[in-house]
Amino acid sequence: MNKPLDAALQRDTADARWQEEYAAAIGAERPVANRSGIAVKPLYTPRDWDGSRFADDLGFPGQPPYTRGIYPTMHRGRTWTQRQLIGLGTPQDYNARLAGVLAQGASAISLIPCNSVFRGYDMDEVPAELLGTCGTVVNTAEHMDAALAGVDLARTSCAMNDPSPFTLLAFVLATARKRGVDWRAVSGTSNQSDYLSHFVANHMFFRIALPGARRILVDHIEFCNRAVPKWNPMSVVGQHVQQGGATPAEAMAFTLASALQHAEDCLARGMDPDRFLPRFTFFFDISLSFFEEVAKFRAGRRIWARLARERLGAKDPRSWRFKFHGQTSGVDLTRQQPLNNIARVTVQAMAGIFGGLQSLHTDAYDEVLSCPTDEAARVAINTQNVLREEAHLTDVIDPLGGSYYVETLTDQMEREILRVMKLVEDAGGMYKAAAAGLVQKMIGESAMRFQREVESGAQAVVGVNAYRADAAEADRPPVSSRTRRRCGRISPRSRPGRRRARRMRCAGRSMRSRARPRARARTSSSRWWRPPRPGARTARSAPGCAGSSASASRSPWYERGAPGARRAGLRDRARRRLSVADRPGRPHERAVLHRALRRGDVALLRPVRHQRTLHARGAPRHGGGREPHALPARAARRRPDPRHL
């Protein structure tokens, strides 16, 4: 009996049975594909991928083809660097936020300057209200020194979002020299050194024409390799193109094509590939397409290792390593229901961790609304801490390796990436393809395709086109019990309701009255004031009213027995109010009260609890205790039972 043949026959029979049962249960099914357009099957089996290609496709961490990681220990030995991007206000503001971020567990720093710096303007050329709203104002070496106060430049890796001509690195080196730190000990990365990504998808960072930017970048790489050997002068950026609309496969393809272009420019300058390639790093966006992102990074490592060896001629294994920083995608975050962004960022971070990144930035949930608040920044950092310390994602190296689906998807992503790279290569390389607009056209088509899927509902976005909350409910702030009492929404049987009922009974009102009544006008229907007799002078026409020439020489109306002062207790109440207003520090209240009484405004004579008054220096404060009520005769006869007070 041939057991392998019998096992294969049983597997085929079980597979056929499952397909029949699946088709009968699910019925007509729409095709499913990921963002890169790769079809996704409902189930993957050894027919799709088996272990016979283990050595060629997987191997071991730290060894070619580097699918499972570029270091033997990966996150089990040394976890990723928590490199939170910070850009806020003045250098002092940045330093204060930086201290808090480092205290929360961040192990490296990243500085993003104000947009005025990216655009090449000094701070005195920009309206003051715009400075520091989207980054830190850094125009001089003194600014950099203040921003990095308390940071040990010899031990802390500093990432500078520094497009050409790389002035931020110059400020860092000037600060290091001022502090006596050897440039050879300074480590970090020029995060935004890839001018091609700026030309294609981030125009604000593109400040120098293509030929000049190309030459400056090679000069920058050559200088850093010689004078600042621990600094990474080249960060090939895939984030901009993916946030501009490229699919994950296209983003990886354009990034690798850009890396080839920059490396070949360095070779043309006569530089040794084993000298500059170890300092090449990559910067990627991490979208919500979890398995697609994991496969993207695994395939990218494999492709770059081959290109560095076979095309660029690098012989040092350090030159084959695909070191990359990942940032959770801000494009996937939504303004609607922003707290959902915490879940989105967590999924994106997990995709980057399982993909084998070397450093990670997690977005704050409120970045779609403003610069991150302290609380949101703390949540973003602790998201990484929870994934590392509580979820134990660092216990196993490449935990998704060997999955039928993940390995099949990695192979498919590799083929798609190579296909796009072939299109760029046929156009003459990344430099010429970008100058001709080929790359921009492909990004625009992919962006439009995804947007149409969102608008049609084929791609659900929670809170935007699916599971939306009522706009009024979503925007309404939390309602406190005090606010509910003020709106009359508390049951009369509740304890707050009973207190409110007592107050309303004292004022002669009922709990059926939902809203606080407006101040009563001086009309014949008012219970608080009787109309004057025909021919009698009113408060407005009396010589003592406001605006009268005799107002300074005559006494207030309530002391002259003017209409309304004869109501029970009204005169005494006004005098008590004035006696309270005579206390030290309450001159403003006394003046307002006298002015109101002269106008005959009876409504202002009602007692006000905790009336806001002003000290002599102008500082607000609350008044003293509760002032006595002066009740109408009808209300006085219905005083509440003392047992309920």
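For this structure, a couple of remarks:
- Sites listed here are trypsin sites (Lys or Arg not before Pro) in segment 63-120 whose DSSP assignment is loop and whose Cβ has at most 16 other Cβ atoms within 10 Å: R78, R119.
- Of the solvent-accessible surface of segment 196-245, computed with a 1.4 Å probe over protein heavy atoms with every protein chain present, carbon and sulfur atoms account for 55 percent.
- Rh by Kirkwood over Cα pairs, then Stokes-Einstein D for segment 266-391 at 1.567 mPa s and 4 °C, µm²/s: 81
- Magnitude of the charge dipole, segment 1-139, Cβ model with Lys/Arg +1 and Asp/Glu -1, debye to 20: 440
- Magnitude of the charge dipole, segment 244-318, Cβ model with Lys/Arg +1 and Asp/Glu -1, debye to 20: 320
- Contour minus Cα-Cα distance for V454 and T140 (0.36 nm per residue): 108.6 nm
- Within the accessible surface of segment 20-168, defined with a 1.4 Å probe on protein heavy atoms only, the carbon and sulfur portion equals 53 percent.
- Computed with a 1.4 Å probe over protein heavy atoms only, the accessible surface of segment 227-337 comes to 27 Å² per residue.
- Label point distance in nm, A185-V347, each placed 7 Å from Cα along Cα→Cβ: 4.6
- Summed over all non-identical Cα pairs, the Kirkwood treatment of segment 9-101 gives a radius of 19.1 Å.
- T45-L369 pseudo-label distance in nm [points 7 Å out on the Cα-to-Cβ vector]: 5.0
- Three semi-axes of the equivalent ellipsoid, segment 20-171, Cα gyration tensor, whole Å, largest first: 47, 24, 15
- Cβ-Cβ FRET estimate between A128 and A23, R0 fixed at 51 Å, reported to 0.05: 0.15
- Were the residues from L418 through A55 laid out at 0.36 nm apart, the gain over their Cα-Cα distance would be 128.6 nm.
- Magnitude of the charge dipole, segment 280-343, Cβ model with Lys/Arg +1 and Asp/Glu -1, debye to 20: 480
- Solvent exposure of segment 108-214 as accessible area per residue, Å², 1.4 Å probe: 40
- Spin-label pair Q63-L210: with each label point 7 Å from Cα along the Cα-Cβ axis, the two points sit 4.4 nm from one another.
- If R0 equals 22 Å, the separation of the Cβ atoms of A33 and V462 corresponds to a calculated FRET efficiency of about 0.60.
- Subtracting the Cα-Cα distance of N382 and A99 from their residue separation scaled by 0.36 nm leaves 100.3 nm.
- Of the solvent-accessible surface of segment 254-413, computed with a 1.4 Å probe over protein heavy atoms with every protein chain present, carbon and sulfur atoms account for 53 percent.
The values are calculated or read from the model by the stated rules, or taken from the named source; none is laboratory data. From a predicted model like this one, the values you see are computed outputs, not experimental measurements. Here Cβ is always computed from backbone atoms with ideal geometry, including for glycine, and neighbour counts include all displayed protein chains. These area figures cover heavy atoms from the full protein model, side chains too; ligands, DNA and RNA do not enter into them. Shrake-Rupley method; radii C 1.70, N 1.55, O 1.52, S 1.80 Å.
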